Amino acid sequence: MKGTLLTIYRRLLTSFGRQHWWPGETPFEVAIGAILTQNTAWANASRAIDRLKQKRLLNPARLAKLPQRRLAHLIRSSGYFNQKARRLKVFVQYLENRYGGDLNRMKRKPLSLLRDELLGLKGIGPETADSILLYALEKPIFVVDAYTRRILARHSLVPWEASYEEIQALFMRHLPAQSSIYNEYHALLVALGKELCQTHPKCHRCPLRSVGRLRLETAAAPVD
């Protein structure tokens, strides 16, 4: 399985190039983006972030003080804006109260403890928590999303009914525990899912179309 996963990684990297994901000027912006992109396209979340930037509100202390109704209005483009406004307020209050609004302080805490804390926040599920940990805090944890499940299941690497934790464990057992690899790998799977592995897949263009034979290949080259 290690060889299969590494070969998939190299093929995707060759096909799509480095993704430079997650887009954001600061770790805090990345964390806010992880919440705003729930159940919506990144373009919609990005517009909400730009709106917060225009108002100079992309700051833990300022968002903590901002009335929830006003915040909801500003992030309307992200969809489910009332719900997301509540989740953002919960997150920034947690960040302010526990870490003084400083993500660098938060980053110094062990991964397992941080994950438990984030999952304890209302509205923060495994995918959002892990996105914050990986992309904002550079912790070595693999993010699983709908694209990941679809791609792996279509190539018979996991069953369709596999849990989030089972899919995550597959990557984390067989890949080096490096945030840079987890970051790039997940971003490449998203690129494949968006461009080719859609509801109606374009299998003839897929760089993984011979994935059934990948187990026979050796993974001689190291991962960059």
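We did not get these values from a lab; they are worked out from the coordinates using the rules stated. It should be emphasised that the depicted structure is a prediction, and the values quoted were computed from it without experimental measurement. Here the Cβ is made from the backbone with ideal geometry for all residues, glycine too, and neighbour counts use every protein chain on show.
Just report the Cα centroid separation between the range 118-196 and the range 6-43, whole Å.
11 Å
Under a GNM of the chain (C-alpha, springs under 10 Å), which listed residue has the highest mean-square fluctuation: 144, 92, 158?
Sorting by GNM fluctuation, first place goes to 158.
In debye to the nearest 20, how big a dipole does the range 114-190 give about its Cα centre with +1 on each Lys and Arg Cβ and -1 on each Asp and Glu Cβ?
Numbers: 7 positive and 10 negative charges, 35 e Å.
The calculation lands at about 160 debye.
Which net charge results for the neighbourhood of residue 186, defined as the other residues with beta-carbon distances under 14 angstrom from its beta-carbon, given Lys and Arg at +1 and Asp and Glu at -1?
Result for the neighbourhood of residue 186: 0.
When the chain is treated as a GNM, springs tying every alpha-carbon pair under 10 Å, which of 196, 188, 111 comes out with the largest mean-square fluctuation?
Among 196, 188, 111, the largest GNM mean-square fluctuation belongs to 196.
Please list, or write none, the lysines whose alpha carbon is within less than 24 Å of the alpha carbon of residue 109, excluding same-chain residues fewer than 8 places away.
Within reach: 89, 122, 139.
Rg and Dmax in Å for the range 83-224, alpha carbons only: what are they?
17.2, 52
With +1 on the Cβ of every Lys and Arg and -1 on the Cβ of every Asp and Glu, and nothing else charged, how large is the dipole of the chain about its Cα centre, in debye rounded to the nearest 20?
720 debye
Let me check I've understood the local charge: for residue 133, count other residues with C-beta under 12 angstrom from its C-beta, Lys and Arg +1, Asp and Glu -1. What total comes out?
On the way: positive: 107, 109, 115, 139; negative: 116, 117, 127, 130, 138.
Net local charge, residue 133 excluded: -1.
Using the Karplus equation 6.51 cos²θ - 1.76 cosθ + 1.60 (θ = phi - 60°), what ³J(HN,Hα) coupling, rounded to whole Hz, does each residue of the range 151-166 give in order, writing x for Gly and Pro?
Once rounded to whole Hz, the list reads 5, 5, 5, 5, 9, 6, 8, 9, x, 4, 8, 4, 7, 3, 5, 5.
So what are the radius of gyration and Dmax for the Cα set of the range 27-136, in Å?
12.7, 35
Of 26, 4, 37, how do they rank once you tally other Cβ atoms within 10 Å and put the fewest first? Don't skip to the answer; put the middle values down first.
Numbers: 26 12, 4 18, 37 23.
Least to most surrounded, the residues fall as 26, 4, 37.
When 81, 171 are ordered from fewest to most other Cβ atoms inside 10 Å of their Cβ, what list results? Write out the running numbers ahead of the final one.
Numbers: 81 18, 171 22.
Going from sparsest to densest Cβ surroundings: 81, 171.
Using bins 10 angstrom wide from zero, how does P(r) for the range 66-110 break down, in % of all Cα pairs?
Answer for the range 66-110: a P(r) of 28, 40, 27, 5 percent.
What's the exposure ranking of 139, 109, going from fewest to most Cβ atoms within 10 Å? Mind showing how you got there, number by number?
On the way: 139 19, 109 15.
Lowest count first: 109, 139.
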